[in-house]
Amino acid sequence: MRYLSIDTGPETAKISRIGLGTWQFGSRDWGYGQSYAEQEARVIVRRALELGVTLFDTAEIYGFGRSERILGEAIGGNRESAFLATKIFPVLPVAPVVEQRAVASANRLGVRRIDLYQVHQPNPLVRDGTIMRGMRALQRVGLVGEVGVSNYSLERWRAAEAALGSPVLTNQVQYSLVARSPERDLLPFAESTGHVVIAYSPLAQGLLSGRYHRDSRPTNRVRIANPLFLPENLERADELITTLREVAEAHAATPAQIALAWVIHRPAVVAIPGASSVEQLESNVAAASIELTEDQYQALKAAAIRFNPITGPQAVPRLIRARIS
Ligand SMILES: NC(=O)c1ccc[n+]([C@@H]2O[C@H](COP(=O)([O-])OP(=O)(O)OC[C@H]3O[C@@H](n4cnc5c(N)ncnc54)[C@H](OP(=O)(O)O)[C@@H]3O)[C@@H](O)[C@H]2O)c1
């Protein structure tokens, strides 16, 4: 495993370049079922710890608290080996509510300290002054280590940091070969200032594994609503998947591993792929050791730029049709 070393004041935290996303744990959105939630998820976490993963990402909203509970139980006595990140969904972003919600998350996780507490989405109506007041209080009493945000523009990330009065260390955003907008300003900012971008959906929810195609599409709630999995878009992704396969062959790796290696090629990025099995977790962790050459990195980027999926309003009738069929 490779790590980012982050100076967290009293000590240096080691954040694994490949972490583990746990939206899948106990969530109906992914539909992995009861035995995944009760058994497989725990085995995935324990194996991740054995392989040197430190970054574990969850949220109060995942499975309405189930993900936090499953993750906390699975980590158990290995608390010191983990860098635990969870998120508050800022429906009522005022300081006392933030404080109560952090306590509830810590209780579900079974910990005394949340290493990274993130604001899940920018609240469209309320600016971040009140939420950051709550965050400051949580840091003061030691319940929260670092503060982060998610789905924030650069402007709002900086404003949140000004409101907190100390670093808002991370911004968790969608970043993959098919979602490259963080390259515009978030990555340069993070790289030049010591901040960190946490890449979610780094495998485009499994699209970049090359496992899905027109006649074999995933059927769970999350992906049925994701335009990337429309039959037309799966077809359009063929060239990108072929390039992933070609680079994968040169590294004796899989397309999914190359997609992850591409994301963490940028120095301030860590990725948090989810996993539906222990084998996937092991494969994702191994991707941390793959070093792409500059030519491979650019060839993948060029293929990604040529991928032109149907999105936005044009995708809506197709999504309805695909759902019915
Ligand atoms: N902050 C936010 O707003 C936000 C939003 C979304 C996600 N997240 C976080 O980011 C994490 C990851 O994002 P995500 O779950 O949306 O997408 P992802 O990590 O891109 O995709 C995960 C899915 O890809 C497949 N997969 C994983 N490893 C694989 C491998 N080695 N080979 C082949 N297929 C593999 C699995 O699905 P199948 O096996 O079923 O194909 C898995 O469930 C989440 O768990 C969550 O913690 C945050």
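Each peptide among 232-238, 145-151 gets the average number of other Cβ atoms lying within 10 Å of its residues, and from highest to lowest they stand as 145-151, 232-238.
Here region 1-73 is treated as a Stokes sphere of Kirkwood radius computed over C-alpha pairs; at 10 °C and 1.306 mPa s its diffusion coefficient rounds to 122 µm²/s. The chain has equivalent-ellipsoid semi-axes of 31, 21, 21 Å, by the square roots of 5 times the alpha carbon gyration tensor eigenvalues, sorted largest first. Compactness of region 1-158, taken as the C-alpha radius of gyration over 2.2 N^0.38 Å, stands at 1.02.
Label sites at T193 and A302, each approximated as a point 7 angstrom past Cα along Cα to Cβ, lie 3.4 nm apart.
Ligands, DNA and RNA left out, the accessible area of region 175-223 computed with a 1.4 Å probe is 43% carbon and sulfur. The protection proxy used here, the mean number of other Cβ atoms lying within 10 Å of each residue, ranks peptides 216-229, 83-96 as follows, highest first: 83-96, 216-229. Accessible area per residue for region 157-254 is 43 Å², calculated with a 1.4 Å probe on protein heavy atoms, without ligands, DNA or RNA. What is the angle, in °, between the Cα long axis of helix 66-75 and the longest principal axis of the Cα atoms in the chain? Nearest 10 is fine, range 0 to 90. That works out to roughly 80 degrees.
The simple spin-label model puts a point 7 Å past each Cα toward its Cβ; for R236 and F89 those points are separated by 3.0 nm. Taking the Cβ of L138 as the centre, find all other residues whose Cβ is under 15 Å away and add up their charges (Lys, Arg: +1; Asp, Glu: -1). So the environment of L138 carries a net charge of +2. Dipole magnitude for region 27-144: about 320 debye, using +1 per Lys or Arg Cβ and -1 per Asp or Glu Cβ, origin at the Cα centre. Relative contact order, whole percent, for the chain stands at 18, derived from Cα pairs under 8 Å and 6 or more residues apart. Measuring r between the beta carbons of D7 and L154 and using R0 = 30 Å, the FRET efficiency lands at 0.85.
Expressed as a fraction of 2.2 N^0.38 Å, the value expected for a compact globular protein of N residues, the C-alpha radius of gyration of region 179-325 is 1.07.
The length gained on full extension between R127 and V43, counted as 0.36 nm times the residue separation minus their Cα-Cα distance, comes to 26.2 nm.
What you get for the chain, charging only the Cβ of Lys and Arg (+1) and of Asp and Glu (-1), is a dipole of about 940 debye around the Cα centre. Taking θ as phi - 60° and the Karplus parameters 6.51, -1.76 and 1.60, the scalar couplings of region 303-318 work out to 5, 5, 5, 6, 5, 10, x, 7, 9, x, x, 4, 7, 4, x, 5 Hz in sequence order, x denoting glycine and proline. Taking every alpha-carbon pair under 8 Å whose residues sit at least 6 apart, region 1-132 reaches a relative contact order of 22 percent. Label-to-label distance for A162 and T311 is 2.9 nm, based on points extended 7 Å past Cα in the beta-carbon direction. Full extension of the segment from H265 to R79, taken as 0.36 nm per residue of separation minus the current Cα-Cα distance, would add 64.1 nm.
On a 0 to 90 degree scale, rounded to 10, what angle separates helix 238-250 from the longest Cα axis of the chain? For 238-250 against the chain, the angle is about 80 degrees.
The alpha carbons of region 110-172 occupy a box of 31, 19, 19 Å along the principal axes, longest dimension given first. Count Lys and Arg as plus one, Asp and Glu as minus one, and take only other residues whose Cβ is under 12 Å from that of R223; the net charge is then +3. Proximity of backbone amide H atoms, modeled 1.01 Å from N, is registered between D115 and L84, G145 at under 5 Å, excluding neighbours fewer than 5 places apart on the same chain.
The values are calculated or read from the model by the stated rules, or taken from the named source; none is laboratory data. Everything numeric in this text was worked out from a predicted model, so none of it was measured. Cβ: placed from backbone, ideal geometry, glycine included. Neighbour counts: every protein chain shown. Heads up: the accessible areas ignore ligands, DNA and RNA and are worked out on the full protein's heavy atoms, side chains in. Shrake-Rupley method; radii C 1.70, N 1.55, O 1.52, S 1.80 Å.
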